[in-house]
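Bear in mind these aren't lab numbers, they're just calculated from the coordinates by the rules spelled out. Just so it is clear, the structure is predicted and the values come from calculations on it, not from any experiment.
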């Protein structure tokens with residue numbers, strides 16, 4: 001029996017995402033190996049329960065952008081809930097839900113080298129960016145919310 005149905009409570013993976021802009025006011029986005037656009041960052045690992053969220057972000061940024069990238073991490077600015085299908089080890093697919101904390105960050109320097117789960121990256125102009133051409137679901141809602149916040153903050 002599904003404990004979620006018994007209790008009425010849901011289960012989420014937890015992720016840290018980074019909305020990183022450069023000094024020209026462009027947002028960094030990544031295309032993953034499933035041909036979906038994404039933001040840098042990802043899920044907490046089992047052994048990271050006692051680590052700071054900033055340390056989790058640091059690990060994910062190195063994995064996804066390479067060790068040469070320097071950035072200044074800011075505060076959380078958006079919270080996202082996203083659903084997607086994922087492949088299980090036995091070949092089945094299951095819908096998973098992800099709760100993500102979206103940190104703002106400023107790209108400072110360093111060559112970006114996409115990690116093993118990403119094929120490409122690009123910086124998009126915040127003022128002209130149409131996120132619905134790239135994102136869907138909770139990631140789209142979070143990026144739209146960030147764009148609205150950034151208009152008022154003059155990022």
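Observations on the structure shown:
- C-alpha long axis of helix 137-153 to longest principal axis of the chain, angle in °: 30 degrees
- Taking the convex hull of Cα positions in the stretch 68-133, its mean projected area over all directions (nm²): 6.7 nm²
- Globularity ratio of the chain, using Cα Rg and 2.2 N^0.38 Å: 1.07
- With contributions of -39500 (n - 2.57) from each DSSP H run of at least four residues, the per-residue ellipticity at 222 nm computed over the chain stands at -7000 deg cm²/dmol.
- The chain, relative contact order [Cα under 8 Å, separation at least 6], %: 31 percent
- Rg ratio (alpha-carbon, reference 2.2 N^0.38 Å) - the stretch 1-75: 1.38
- DSSP bridge pairs, the chain: antiparallel proportion in percent, nearest 5: 75 percent
- Stokes-Einstein D (µm²/s) once Rh is taken as the Kirkwood radius of the stretch 102-150 over alpha-carbon pairs, at 25 °C in 0.890 mPa s: 194 µm²/s
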